[in-house]
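Take a look at the structure below.
The values are calculated or read from the model by the stated rules, or taken from the named source; none is laboratory data. Since the model is a prediction, treat every value here as computed from it, not as a measurement. Every residue, glycine as well, gets a Cβ built from its backbone with ideal geometry; the counts of neighbours run over all protein chains shown.
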Amino acid sequence: MTKVAPRGPPIQRNIMSDQQRYFLSLCRKFPARLSVEQVAWLLNCAPQNIRILVRAGLLKPLGDPPENGEKVFSADEILELTKSRTWLVKVTNAIHRGHSLKNQTRKTAKLKGIVPGNLSQAE
């Protein structure tokens with residue numbers, strides 16, 4: 001008789017932290033400027049995806065921050081954009097393309113024997 005190992009609790013993804021829950025409960029009065037993390041919470045995506053959306057031209061940070069500088073976004077503009085299904089489809093597709101490109105770059109680097117994170121040798 002074979003014994004079946006007990007399964008652990010199911011893995012739950014996208015569980016909101018207390019910070020997210022509190023932030024989203026303020027729906028009637030957001031701060032005028034939103035951080036990258038706050039925009040990601042509103043769009044229900046990872047903060048690293050915001051960079052993809054900025055590069056795709058789907059999000060525009062306030063001012064003219066340097067590429068590696070802190071970016072903030074207009075709350076009114078983000079909330080208005082989220083009402084458009086067409087824009088949300090573009091966001092979803094851009095995120096998928098961004099991840100696909102990243103994975104493709106990693107596969108190419110692996111085939112060329114380049115250590116991940118050191119893609120400067122890929123050229």
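Note on region 47-75: among residues that are hydrophobic (A, V, I, L, M, F, W, C) and within 13 Å of Arg97 (Cβ to Cβ), the one that is surrounded by the fewest Cβ atoms within 10 Å (Cβ to Cβ) is Ala56. Only residues that are more than 21 Å from Leu62 (Cα to Cα) and basic (Lys, Arg) were counted across region 76-89, and they come to 1. Any idea which residue in region 59-78 is modelled with the highest pLDDT, counting only those that are assigned to a loop (DSSP other than H, G, I, E, B) and of a type in the set (Gly, Ala, Ser)? The qualifying residue modelled with the highest pLDDT is Gly63.
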